[in-house]
Amino acid sequence: MLIAERVRHVNRVKGLLFAQGVSGYQPLRKDRRKRLEELQTGDGRELPRHLKAQINRELDRLELLLEQIAAVESERNSLLSAHEEPAVEVTAPAALLLSLKGVGAEFAAVLWTEALCRHFDNRRQIASYAGLTPTPWMSGTIDHEQGVSKAGNPRLRTAMIQLSWLWLRIQPASALSRWFVDRVQSNGGRLKKAAIVALARKLLIALWKFVTAGVVIEGAVMKTA
C-alpha cells in the first residue's frame, strides 16, 4: 500500500507540472526541492507560486512515505536475516526462503508474513488460504472449472502469480517449470493463464513443505554463498 501511495504522489506531481509544459522532473531524486526551484513553464515563465506550494505539499507527503518505506524495508531485512541468537531462531524459516534462487527479500517477506508463518494441516488448507483452489461448476451435463475462487488472501495470491512467472525464467530446470511447459504444450500453447495459476498453487505448496519440513523442491537451484 505504501508503494502504491508513493506512485500516486509521484504521478500527481508529474501531472501538475505537465499541465505547465514541464517534463523530465523526477520527484524521487534527492535534489527534488532544488530542481523544483529551477523549473520554468513550457513558455519560459517561472512556475506559479500557488502551484509550487501545492507541489511542495505533495513532496512533503512523498518524503514521509519514503521514510516509512525505508523503515518497513529495514524491518523486513531484519526479519529475513539469519541470526545466531536462539531468541530469534523463529526467523530462520523466513531466511531459508532466500536460499532459493529467484526468491528475493520482497517475495520472501510477503510469503512469510502472509502465509508461511501460520500453521496449516495440509496442502488444501494453504492453497485455499491463498485463494488458489479451483472452483468447479456443474449444471446438468455441464461440468467445468470456473478458475480460482479468489476468496483467500489477495496479497499472497498476487505475489505467488508474480513469483511463478519469475520461477519459470530463473528455475527452468525445476520439476515445477517442466510441468508447466508440458502442460502448456499439451494444450497447443493455449491456456497459459490457467496453467500459471496451477503452477502458483503447486509452488506455494512446495515452498510450504520446504520451509516447514525441509523438503527440497525437485530440480530447484539454490543461491551460491
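The values are calculated or read from the model by the stated rules, or taken from the named source; none is laboratory data. All values reported here derive from a predicted model rather than from experimental measurement. Please note: Cβ atoms are built from the backbone with ideal geometry, for glycine as well, and neighbour counts cover all protein chains shown.
For first residues located in region 12-27 and in the same structural domain as residue 46 (by TED's automatic domain parsing), partners that are outside any helix (DSSP H, G or I) and not polar (S, T, N, Q) and lie 6+ apart or on another chain with Cβ distances below 6 Å form the pairs 13/27; 17/25; 21/42; 22/39.
Quick one: in region 187-216, which of the residues that are in a loop (DSSP other than H, G, I, E, B) and of a type in the set (A, V, I, L, M, F, W, C) is nearest to residue 99 (Cα to Cα)? I'd like the intermediate steps shown before the answer.
As a first pass, look at region 187-216 and keep what is in a loop (DSSP other than H, G, I, E, B): 187-191, 214-216.
If we keep only those that are of a type in the set (A, V, I, L, M, F, W, C) too, we end up with 191, 215-216.
Working: 191: 31, 215: 13, 216: 11 Å.
Once the filter is applied, the top-ranked residue is 216.
Taken over region 63-94, residues that are in the same structural domain as residue 209 (by TED's automatic domain parsing) and modelled with pLDDT of 75 or more amount to 0.
Scan region 106-115 and tell me whether some residue there is at pLDDT 80 or above and of a type in the set (D, E, K, R).
So far as region 106-115 goes, yes, one or more of its residues are at pLDDT 80 or above and of a type in the set (D, E, K, R).
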